[in-house]
Amino acid sequence: MAERAQPITALHVAGGAVAGLVALIMLGPLLAVALAGEGAGGVRPSDWAAIRFTVLQALLSALISTALAIPVARALARRSFAGRHVLITLMGAPFLLPVIVAVFGLLVVFGRSGWVSHGLGLVGLPPLDIYGVHGVVLAHVFFNLPLAVRLFLHGWQEIPGERMRLATALGFGLGDMRRHFEWPMLRRTAPGTVLVIFLICTTSFAVALILGGGPYATTVELAIYQAFRFDFDLSRAAQLGAIQVAICALATLAAGALVIRVPLGQGLDRPPVPWQAAQGPLTRASDAAALTATVLFLLLPLLALVGKGLPALWGLPESVWWAALRSLTLALCSTSLALAMALPMAALMARWPWPGLELTGMLSIAISPLVLGTGAFLILRPVANPVALALPITAVVNALMSLPFLLRILAPAYDQAERTQGRLADALGLRGAARLCHVILPRLSRQLGFGAGVAAALSMGDLGVIALFSSPAQGTLPLEMYRLMGSYRTDDAGGAALLLLVLSLVVFRVFDRGGARHAVA
Amino acid sequence: MRHTILATALTLAVSSTATAATPVLSVYTYDSFVADWGPGPQIEAMFEATCACDLQFTGAGDGAALLARLRLEGARSTADVILGLDTNLTYAAAETALFVPHGQDTAALTLPIAWQDDLFLPFDWGYFAFVHDTSLLAVPTSFPDLAESDVRIVIQDPRSSTPGLGLLMWVEAAHGDAATDIWAGLADNIVTVTPGWSEAYGLFLEGEADMVLSYTTSPAYHLIAEGDPTKAAAPFKEGHYMQIETAGMLANSDQPELARDFLAFMLTKSVQSVLPTTNWMYPAALPETALPEGFETLITPGKVLLFDAETAAARRDPALNIWLNALSR
C-alpha cells in the first residue's frame, strides 16, 4: 500500500526473507541441472510445437474453468440451502486428487465404455471420444473448476454485509449489483484465478499425455521427461525448465496488468444478508441449473471412484495403511511450513505490491517437478544422502507447491484487511504481533482455514519428489497406490485411491471448517 | 517446524549409519520390484539369511529412470548392484564405464537366445505382446493385420516408458524399412498413448481399449492371482520382441564380494522360482518344467526378436522419429 505509509515490521522482513529463500530453492535446482549438463543447443522445432500446445491447452483450460466458475460461485454466494457446506467441501475434491485417480474417475463417466457412452449406446449413438485437446481441457476443467469456484466464493463473501444491506434498502436490481459489487470484485479476483489455473496446466504431464491421444499432445513437461530419460541431456532439460519459468513469468506479468485493485468498501464485519435482488423465479432457476450441472460434472466421477474402491478398501495390504499414516504426518508438517511461509509473504505483498513477489510465489507451480527433484538431488548429494532425506524433502517441496495457492487465497484478503482496518489500527498504534493477532488474523481466519486445508490435501495427494528417490519403507499413500497399479493390482489401487480421496477430504474439511468457525464474518 | 524436519532428518541419518557394523549391500532397482508384493522383500529375506549383511533396496521409477539416476550419481554412486536395466538400456549403461564384468557362469541360463554380454547378467525376461480379453472377436495376428482392423489399442510413450520403447524396437525388428507404413496404419487404432505401463494397463482394464501393449506373461497374473482365465496375449506372425532384465555390479562398489555373491544368488533356484509369480516375468535360469502351474497356458512365439544392445541403441533415435512423425498428424 504505497499510499499509506505503514511501517515495515519484522513480519515484512520475514516475508522478504521467505521470498528470497523460495526463489533460491526453486531456481537453485534449475541452475544445478543446467551446470551438470554439457551446454545447451538451440530450441528445436519440436520444442516450439510443445510450447504452442502447452500454452494453448493451459489457456483454454484456464479461461473455461474461470468462466464456468463465476455463475456457480455466485449461486453458492446468494443461496442458502441444507447441505450447502458439505456440497462446497465435496465440490473441492477433484482439485485435491492425484491426477491419475481423477483421470480414471473421469473415464468411468466420460470414457469409451463410460456411463455417458453407455447411455448414448442405448439410443443408438456412437461412444464419446474423450481423447484429444477437448479431453485434456475437460480434465483440467474438472480439476480446476473447484478451485476457481472457491476463489470467487471468497470474493463474493468479501463484499461487506453493510453494503449489501444498503443495496437492499436502495432496491438494487441484478444489474445494479453487477455494476457496483460483482464487476469490481471480478476485476480483482478473475485475473489471478485465470493465472493460477493457467500455471497449473502448463506443467501438466500425465493428463495431457493420457487424454491427449498421442504425441500431438506433447507438452513442455513431456519434452523434459524425454531430455532426462531418453536422451539424458541435462542442459536441454534445464533449458526446457527455463522456458517453463519464462512462460510463468510472462503470464504472471500479464495477469498483474489486468488486476484492478478496486476497494470493495469498508464494513464492520457484520454477517452477510440474503440478496433481495436475486429472489426472482428466473434467477432462482438459473442458479439451480448452474449448481445441478456442476454437481453432476464434479461428483459423478467421484461416485465412480467410491464404487470402484469400496470393495477393496478393507482388504488393502498393511503397507498401504502405514503409507496413509506417513502421508497424514507429512501433510501436517508441510501445511505448518506452508502457512509459516505464506503469511509473511502475504503481509509483504499487501505492503508492497511488486510483481516479482507474486512471481516468486507462483514459481513452484511453474517449475517442472522433475527438474526440481533432480536439481535437489544434485545439490544434496555431495552433503547428504537424499534417500535418507526423502520424507523431509518431500515435506518441504509439498509446502512450496501449495504456496502459490495459499498466497492467492491469503494475499487479497490480507490486502483487504489492511485497507479496511489499517487506518484504525494505525490510529490505535497497533503494530507487530498485536496488529497481526487483533486486526489481521481474525479477518483472515476463513482464508487461513481454507488455505491450510488446500495445502494439507494437496500434500496428501501429491506424488511429489518422493517418487524420484525413495526406499521401500518410505512410500507415501500416492506412491503406494502407483506401486499397486504398477503390479496389476488395479482393485487394490482403486481401494487406495478411495482411501486417499477420503483422507484428503477429511483433512481439508477439518481445516476449512475450523477456519470458517472462527471467522468474524 | 524446521526443527521437526531437522530432527527427522537426523534420526534417519543416525538410523542408517547405526548398522555400519554389518556390511551393507546397496541395490538400486525399479520401484515395483521393491513393493511389498514384489520380489524384493522375499529376495531380501532369503539373501540376508545367508550373507551376514544388510541388503538395502532403493527404488527409482522404472528401468530408464534407474539409468538416469545412476548417470546423475556417476562414479560417486553408493550403489553396489543395479537391478533391472533391460537390453534397450544396457548399451548406454555400459558406455558410462561404471560397470565391471559380472563374472558369473551363464551356462545355466534358460533364455531362448544365447547370452553374450559379460557386463550384464539376465535375471528375468518376457515377450512384449498385445493383451486382450478372450471375448474379443477376430484377434489380429500381425501388425499389418492389426493396422487394417478396427481393434482399438492403448500403448505407452517410448519417451517415458520402457515397454513403449520396446514396442518401437519390436516394429523395427519385425518390419524394418516398412516401419513407417506400419505406424501410419496403426495411427487410427491407437486410442491413446500413456506415460507408463500402469496407466495403459489400467485403461485397458477399464474397457477403454480392446488391446494393450504388455507381456505374454500378463494373462498369468489374472489366471493365477485372480483365477480369471479371460485374458490372453495375441500371437503375432512376425514374432515377438524380448525384454531381458539384467543385473550389473558397479566398479566403485565397496562390497565387490557381496555384490558378486548377490548376482550369483539372483540365478539360484530359490530366487528364480519367486520371480514368475511376483514379477510376472519368465525366470532367466529355470527349466520350463519348474514354472508355476498356469504358465503352460501362455503363448510361445514362433519367432524370437531381439536387437543386440548396440543395434538397439543405434536404431532408437531413428525409430522414435518415425513414430513421432507417423502419430503427430
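The values are calculated or read from the model by the stated rules, or taken from the named source; none is laboratory data. Keep in mind that what you see is a predicted model, and the values were worked out from it rather than measured. Methodologically, a virtual Cβ is constructed for each residue, glycine included, from the backbone with ideal geometry; neighbour enumeration extends over all protein chains shown. Note: areas computed on protein heavy atoms with side chains; ligands, DNA, RNA excluded. Shrake-Rupley method; radii C 1.70, N 1.55, O 1.52, S 1.80 Å.
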Members of region A:388-421 that become less accessible by 20 Å² or more once partner protein chains are added (1.4 angstrom probe, chain alone as reference): A:388, A:389, A:392
Theoretical FRET efficiency, 1/(1+(r/R0)^6), r = Cβ-Cβ of residue B:133 and residue A:279, R0 45 Å, to 0.05: 0.20
For region B:30-78 versus region A:171-200, the gap between their alpha-carbon centres in whole angstrom: 53
Inter-site label distance for residue A:81 and residue A:113 at 7 Å from Cα along Cβ, in nm: 3.5
Ellipticity estimate at 222 nm from DSSP helix runs (n ≥ 4, -39,500 (n - 2.57)) divided over chain B, nearest 500: -11500 deg cm²/dmol
Near-label residues of region B:228-270 by backbone N, under 14 Å of a point 7 Å along Cα→Cβ of residue B:97: B:251-252
Mean projection area, nm², convex hull over Cα of chain B: 18.6
Global size of region B:88-132 as Cα Rg and Dmax, reported in angstrom: 13.0, 41
Among B:24, B:171, B:271, residue whose mean-square fluctuation peaks in a GNM of chain B (springs only between Cα atoms under 10 Å): B:24
Theoretical gain in end-to-end length, residue A:183 to residue A:257 [0.36 nm per residue, Cα-Cα removed]: 25.0 nm
Where only alpha carbons of region B:221-268 are counted, the Rg and the Dmax (Å): 18.5, 49
Loop sites in region B:230-282: trypsin sites (Lys or Arg not before Pro), DSSP, at most 11 other Cβ within 10 Å: none
Per-q log10 I(q)/I(0), the protein assembly as shown, q = 0.09, 0.10 Å⁻¹ (Debye; single scatterer per alpha-carbon; no solvent): -0.89, -1.08
Rounded to whole Hz, the Karplus (6.51, -1.76, 1.60) HN-Hα couplings of region A:216-226, x for glycine and proline: 4, 8, 7, 9, 4, 4, 5, 4, 5, 4, 4
In region A:293-329, chymotrypsin sites (Phe, Trp or Tyr not before Pro) in a DSSP loop with at most 16 other beta-carbon atoms within 10 Å: A:314
Contact surface B-A: accessible area buried, both sides summed, square angstrom, 1.4 angstrom probe: 5400
Region A:65-198 pair-distance distribution - Cα-Cα, 5 Å bins, rounded %: 2, 9, 15, 17, 15, 14, 10, 7, 5, 3, 1, 0
Percentage relative contact order, chain A, counting C-alpha pairs under 8 Å, at least six apart: 25
P(r), alpha carbons of region A:1-115 - 10 Å bins starting at zero, rounded %: 9, 16, 25, 29, 17, 4, 0
Of B:83, B:223, B:263, the one that fluctuates the most in a GNM where chain B has Cα springs shorter than 10 Å: B:223
Long-range Cα-Cα pairs in region A:182-235 (distance over 14 Å), rounded percent: 65
Shielding score for A:322-335, defined as the mean number of other chain Cβ atoms within 10 Å: 1
With every protein chain in place, the protein assembly as shown: carbon and sulfur % of accessible area (1.4 Å): 63
Amide H within-cut-off set for residue B:238, under 5 Å, with H built and near neighbours excluded: B:143
Overall Cα dimensions of region B:105-232 - principal axes, largest extent first, Å: 47, 42, 27
Region A:10-517, Cα convex hull volume normalised per residue, Å³: 156
Partners for residue B:237 among aspartates and glutamates (Cα-Cα distance below 12 Å; same-chain residues under 8 apart left out): B:145
Dipole axis of region A:10-517 (+1 Lys, Arg; -1 Asp, Glu on Cβ), positive-most option in A:507, A:279, A:307: A:279
Alpha carbon centroid spacing (whole Å) that separates region B:86-126 from region A:377-456: 52
Per-residue average of Cβ from other chains inside 10 Å of A:222-229: 5
DSSP-assigned coil residues among chymotrypsin sites (Phe, Trp or Tyr not before Pro) in region A:41-100, each with at most 15 further Cβ atoms within 10 Å: A:81
Options A:452, A:434, A:356, ranked by Cα towards positive dipole end of region A:10-517, top entry (Cβ charges): A:434
For region A:350-423, alpha-carbon Rg relative to the globular expectation (2.2 N^0.38 Å, N residues): 1.46
Residue B:310/residue A:125 FRET efficiency (R0 56 Å; Cβ-Cβ; nearest 0.05): 0.60
Lysines with Cα under 28 Å of residue A:308, excluding same-chain neighbours fewer than 8 positions away: B:231
Whole-angstrom Cα spans of region B:185-237 along principal axes, big to small: 34, 27, 17
Calculated log₁₀ intensity ratio I(q)/I(0) where the Debye formula runs over C-alpha points of region B:22-134, q = 0.19 Å⁻¹: -1.20
Cα radius of gyration and Dmax for region A:410-461 (Å): 13.2, 45
Shielding by partners, peptide A:303-312 (average Cβ within 10 angstrom, other chains): 0
√(5λ) per eigenvalue of the Cα gyration tensor, region B:272-321, largest first, Å: 30, 13, 11
Surrounding net charge for residue B:264, when Lys and Arg each add one and Asp and Glu each subtract one, Cβ distance under 13 Å: -1
Student exercise, the protein assembly as shown dipole from Lys, Arg, Asp, Glu Cβ charges, in Debye to nearest 20: 5160
When region B:216-329 is reduced to its Cα atoms, the Kirkwood hydrodynamic radius in Å: 17.2
